[in-house]
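The values are calculated or read from the model by the stated rules, or taken from the named source; none is laboratory data. Bear in mind the structure is a predicted one, so any value in this text is a computation, not a measurement. Cβ sites come from the backbone with ideal geometry, for glycine too, and all protein chains shown count toward neighbours. Quick note on the areas: whole protein, heavy atoms, side chains included, nothing else; ligands and nucleic acids left out. Shrake-Rupley method; radii C 1.70, N 1.55, O 1.52, S 1.80 Å.
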Amino acid sequence: MQKKYSSLQQVQEALRSGQTSCRELVSYYLGQIQENKALNAFLEVYSAEALSYADEIDRKLSSKQDPGKLFGLTVGIKDVICYKGHRVTAASKILENFESTFTATAVERLVAEGAIILGRLNCDEFAMGSSSENSAFGPVRNAADPSKVPGGSSGGSAVAVQAEMCLAALGSDTGGSVRQPASFCNVVGLKPAYGRISRHGLIAYASSFDIIGTLTNCLEDASRMLEVMAGPDEFDSTAIQESWKVNEAASERAKKLAYFPAVMNHKGLDPEIKSAVQDFLQQQEATGIEVHPVEFPYLEYMVPTYYVLTTAEASSNLARYDGVHFGFRSEDSRDIESMYRKSRTEAIGEEVRRRIMLGTFVLSAGHYDAYFTKAQKVRRLIAEKTADILSEYDFIVTPTTPTTAFPLDAGEYRDPISMYLADIYTVQANLAGVPAISLPLFHHSNGMPFGIQLMSSKFEEHRLLAYGQQIMSNLRPA
Ligand code: GLN
């Protein structure tokens, strides 16, 4: 599908030259949202408000005032990110009708630079899932084939960009939720390093893994958004002190790439995806880059470690949704205990309940050391090994996902363990806190797109984006 605008640069040129007005631009996207309603990507659209922001930008442009670095960037935000005066529900009934009382730092910074928020995007409940089917407000559908899932948990964000309902979207990535849907929907998904962007105003799933990420058509837009959102924030002490600047001159050449034979030979990996990644590595080698197989002994521990730790953190983070503080309260409670129990039972979906219980179990006195402490130790080993490899190699290359988008309600994925294995290649970056990106390079013979994943050392998003840019311009000419 040919998009009308595939980069912010194009949009800004059109606006500056008077070829279009910002009002016209926003109306175009609102029309696209309307047209693609059946995909269920947007949970709410802020039409009137977006049009009035657009008018403000038109005024600034015609009176030669500075419209901001990101003027004209139409953005959808995943429904786990707060925007003052607007509802935020984490796609859960327990927060239905809950209104944000403040704006997430990331969103505040985008808006201050002229971005226009078009609405909030559907996702898996509390960002838990890999298919965007765990939403209390119905599943999201993949625009390339509406009988297929868009991936998750930021499925609405990926589809919104895929079907040109906005130019860019914010997602959150705890274990792959930006990259996996990006791969399934043929868009660029960037998960910055842990701490790169403030988590203030991001509804917590697993606080030591969570990070806001972007879904865009191109790397340049990801990089321009990152520049605006990154940097210290007094409301999040894990946000790093350094700001991050777009470096036009960065033209880092990769010299050494690592890949893991254990990943490439994994039985769950689709053979066409495997050969696309192998071909990619060969092409890179042909340009003079060294490509090496590297032993990574922890592949089979990655998903279990991730799920022990994230469910533990989630059970603690989600304890606040008790029918008292936020949102939903059961009508039929007799005393305080039944109010808690019934509110949580009636309004929290099956997958989230499963994870709260699993997390509570691994944190319980009798099992803490066997599961939680052990998983912390394995996380440390995975993080150290990843850092070691990345000190010797510029990037680790893997497929983003073992398969392409699967059908909605797919029998084999009804089993939670199979669904968890969809994250096998993406969780490493979150366990280690390193940045990672999914590039939309390939199409499968089944008609669906899929991406390739690159990881770099912590806080080296520059190199990741520069190398990604080279790959995109060589392998996917505009
Ligand atoms: N699919 C993974 C999970 O269910 C990742 C989710 C995420 O990154 N938010 O936990």
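Numbers at a glance
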{"quantity": "Of all residues making up the range 32-59, the number that are within 11 Å of GLY114 (Cβ to Cβ) and open to solvent by 60 Å² or more (accessible area, probe 1.4 Å)", "calculated": "2"}
{"quantity": "Qualifying positions in the range 426-457 - outside any helix (DSSP H, G or I) and either surrounded by fewer than 19 Cβ atoms within 10 Å (Cβ to Cβ) or polar (S, T, N, Q) (or both)", "calculated": "THR426, SER438, HIS443, HIS444, SER445, ASN446, GLY447, GLN453, SER456, SER457"}
{"quantity": "All positions within the range 280-293 that are without any contact (Cβ under 8 Å) to a residue 12 or more places away in the chain and surrounded by 12 or more Cβ atoms within 10 Å (Cβ to Cβ)", "calculated": "GLU285"}
{"quantity": "Hits in the range 350-385 (condition: small (Gly, Ala, Ser) and under 14 Å from SER315 (Cα atoms))", "calculated": "GLY359, SER364"}
{"quantity": "Cβ pairs under 7 Å, 6+ apart, first in the range 15-37 and on the phi < 0 side of the Ramachandran plot, second charged (D, E, K, R) and at pLDDT 95 or above", "calculated": "SER21/ASP58; CYS22/ASP58; ARG23/ASP55; ARG23/ASP58; TYR28/LYS4; GLN32/GLU164"}
{"quantity": "Flag if VAL149 is more than 11 Å from the ligand (Cβ to nearest atom), under 25 Å from ALA104 (Cα atoms) and surrounded by 24 or more Cβ atoms within 10 Å (Cβ to Cβ)", "calculated": "no"}
{"quantity": "Residue that is most open to solvent (accessible area, probe 1.4 Å), among those in the range 365-422 that are among the hydroxyl-bearing types (Ser, Thr, Tyr) and out of contact with any helix residue (DSSP H, G or I) (no Cβ under 9 Å at 6 or more places or on another chain)", "calculated": "SER391"}
{"quantity": "Residues (open to solvent by less than 60 Å² (accessible area, probe 1.4 Å) and modelled with pLDDT of 90 or more) located in the range 329-340", "calculated": "SER330, SER338, MET339"}
{"quantity": "Of residues in the range 294-312 being in contact (Cβ under 8 Å) with a residue 40 or more places away in the chain and open to solvent by 40 Å² or more (accessible area, probe 1.4 Å), the one farthest from the ligand (Cβ to nearest atom)", "calculated": "PRO297"}
{"quantity": "Residue in the range 161-176 that is within 16 Å of the ligand (Cβ to nearest atom) and touching a Cys at 6+ places or on another chain (Cβ under 9 Å) present", "calculated": "yes"}
{"quantity": "Subset of the range 75-134 (residues that are of a type in the set (Phe, Trp, Tyr), in a loop (DSSP other than H, G, I, E, B) and within 15 Å of LEU43 (Cα to Cα))", "calculated": "TYR83, PHE98"}
{"quantity": "Criterion (open to solvent by less than 10 Å² (accessible area, probe 1.4 Å) and under 13 Å from the mean Cα position of the chain (by Cα)) met by exactly one of GLY231, GLY189, GLY195", "calculated": "GLY189"}
